[in-house]
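The values are calculated or read from the model by the stated rules, or taken from the named source; none is laboratory data. Model, not experiment: these values are computed from the prediction. For neighbour counting, all protein chains shown are included, and Cβ atoms are generated from backbone atoms with ideal geometry for every residue, glycine included. When the accessible area is computed, the model is the full protein with side chains, heavy atoms only, and any ligands, DNA or RNA have been set aside. Shrake-Rupley method; radii C 1.70, N 1.55, O 1.52, S 1.80 Å.
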Amino acid sequence: MTHYLLRRLIIAIPSLLGISIVLFTVLALAPGDPFDELATNPAVPPEVRAALRAKFGLDDPVYLRYLHWLTAMLQGDWGFSFASRVDADTLILQRLPTTLFVIGSAQILSLLIALPVGVYAATRPYSIFDQIANTLAFVGFSLPTFFTGLLFILVFSIYLDWLPFVYSDVTATGWRWYWEHLRQALMPIAVLGLFQGASMTRYVRSSVLDMIRLDHVTTARSKGLPEGTVVVKHVVRNAMIPVVTLVALQMPIVFGGAIVTEQIFRIPGIGSLLISAILANDTPVIMAVTFVFACLVIFFNLIADVLYGWLDPRIAYR
């Protein structure tokens, strides 16, 4: 296992390197200049603007700027925010826990919905429960997160006045502090979790249906094993392998949906940080945030590969 993890981490290095080259080149060639505001400000002399551009290397060739960025990043310097006047890594570390909490909780919620509903619907195909579950899954998957987010705000914040519709600073202490944070996170977690759960429910149902017809399942039933034991030990565990693959491949979509959801609920996460950096042409922050997204996606795919061996002992780590 240790050798396998080390090999996967070594393989991830050229992947991250290639991603960083593409991201940096696209941002360098994109229109816009982080010093546009200074250029239109008559109070800033031209020599000051030129000195700042020279300091940050904005007039250097793209390949030279990338090498400077890569060298600085390997030394722990992820760049300096032109808009916030703060180091990019400081901004990310301030907001990353909130994003990971919302996304992680949403993924847990989606699994808690998809696994029991998908398995139960597959064991009773074309029943009333299966038809209702399929209908709700299609509806949930077809509705975008920005629509369900606004719908949740309209119902639970405006009409019922149960939950706050935007994040705000919590001044309470003790258990009240945790409760207020939970109330603020409930709607964005529900929006992302229901959207992901709807798509995964269909996938779980299809995977379980494929497994439940195999010969080893029929053999287990013929031995007199209870139906629950057959489903859990011989069907669900093997059916989870493609589901784990789906979860790993959907992580970029989850982060993309989180960016939209963070804008709707004003969540102070790295998604809203990315949007504000794009609007301000703050290229160091944009590069740092997108690179963090790439690292997280590769990390979750590594976790999925490790789970394969736990779900299916026939898979060997070599």
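Residue count for the range 158-188 satisfying the condition of being open to solvent by less than 50 Å² (accessible area, probe 1.4 Å) and either touching a strand residue (DSSP E or B) at 6+ places or on another chain (Cβ under 7 Å) or at pLDDT 85 or above (or both): 2.
The set of residues in the range 195-214 that are assigned to a helix (DSSP H, G or I), open to solvent by 80 Å² or more (accessible area, probe 1.4 Å) and farther than 23 Å from S142 by Cα contains only D210.
Selection of the range 65-105 for residues being part of a helix (DSSP H, G or I), open to solvent by less than 60 Å² (accessible area, probe 1.4 Å) and under 23 Å from A50 (Cα atoms) yields R65, Y66, W69, A72, A88. Of the candidates I270, I264, I259, I278, the single residue that is within 26 Å of the chain's Cα centre (by Cα), free of Cβ contacts under 8 Å to residues at least 24 places away in the same chain and under 22 Å from T148 (Cβ atoms) is I259.
For the residues V204, V243, V254, V306, the requirement of being at pLDDT below 80 and closer than 25 Å to Q131 by Cα singles out V243. Restricting the first member to the range 1-24 and to residues that are outside any loop (DSSP other than H, G, I, E, B), and the second to residues that are open to solvent by 80 Å² or more (accessible area, probe 1.4 Å) and at pLDDT 80 or above, the beta-carbon pairs closer than 9 Å and six or more apart or on different chains are A12/F299.
On inspection, V232 does not qualify as open to solvent by less than 30 Å² (accessible area, probe 1.4 Å), modelled with pLDDT under 80 and part of a helix (DSSP H, G or I). Pull up the range 215-226, narrow it to residues that are touching a residue at least 12 places away in the same chain (Cβ under 8 Å) and of a type outside the set (V, I, T), then point me to the one that is most open to solvent (accessible area, probe 1.4 Å). For the range 215-226, the residue satisfying everything is H216. For the range 126-157, a tally of residues being open to solvent by 60 Å² or more (accessible area, probe 1.4 Å) and closer than 25 Å to S207 by Cα returns 11.
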